[in-house]
Amino acid sequence: MIVTCPTCSTRYLVETEKLGAQGRMVRCGGCSHTWYQAPPEDLAPQVELKMPVPEPVPGKVERGGLPAIQRKRRRWGAVVTLLILLLILAGAGWGAIFMRDRVMALVPQSAKIYSRLGLAAVQPQYGVGLEIQGVTPRRESANNQSTLVIDGQIVNLSSSPRLVPPLKATLRDANDKPLTSWTFSASVSTLGPGASTPFHTTYAQPMAEAAGVVVTLQNP
């Protein structure tokens, strides 16, 4: 079918079916004029058929399709999660073994479990890790008698329990020459990792030339 623009007389070849049975609005590509174009009189009427929409049946549930599950990604996620869990369990296991002394100190009932596994508590040992800190000497007088009082503390700087050995106090003169010494014991026999304990000792009627005191650990 040939369609002519009523404004600029431009002619177009249009398929009759595109106009439909009722005609339609068209636009000129040259002058942009729009008009209603009726279909040719000899065009057979067209009837648009519509499928009836089924009414919902009571009690019937309509089910829609879901998108496919990406199983590969979920599998990889599960593998990563499992690996992380295994690493956490392995770290906890190693920590429970190497720090079993602390675990048994906090939970005494766990000692039986460690014993059955052949993991007895680590026996405290003498060695590097104990340090004497805060030595404070002072003189006190009572009943016309002078007494030297020495206080301080022992700190376990190691990561394992340590047996506390006897201590030795040495009086020294102004030239750092030893004058006399004596041994004494701390208030505890064992120190846990990071723990500390105070010590106290006295010496009656110290010599006048005593200018300082040194306290050391006496390893047996």
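Details
- Residue within the range 9-16 that is in a loop (DSSP other than H, G, I, E, B), at pLDDT 80 or above and surrounded by 10 or more Cβ atoms within 10 Å (Cβ to Cβ) present: yes
- From the options 171, 191, residue that is among the hydrophobic types (A, V, I, L, M, F, W, C), touching a Lys or Arg at 6+ places or on another chain (Cβ under 6 Å) and assigned by TED's automatic domain parsing to the domain that holds residue 136: 191
- Filtered residues of the range 170-206 (kept if surrounded by fewer than 12 Cβ atoms within 10 Å (Cβ to Cβ), of a type in the set (A, V, I, L, M, F, W, C) and outside any strand (DSSP E or B)): 174
- Some residue of the range 144-154 being exposed (fewer than 10 other Cβ atoms within 10 Å of the Cβ) and at pLDDT 90 or above: no
- Failed item, numbered, when residue 29 is tested on (1) modelled with pLDDT of 75 or more; (2) of a type in the set (Gly, Ala, Ser); (3) within 60 Å of the chain's Cα centre (by Cα): (3)
- Here is the figure for the range 143-169: residues that are in a loop (DSSP other than H, G, I, E, B) and in contact with a Phe, Trp or Tyr (Cβ under 8 Å, 6 or more places away or on another chain) total 2.
The values are calculated or read from the model by the stated rules, or taken from the named source; none is laboratory data. Quick caveat: nothing in here was measured; it's all calculated off a predicted structure. Neighbour counts run over all protein chains shown; Cβ positions are idealised from the backbone, glycine included.
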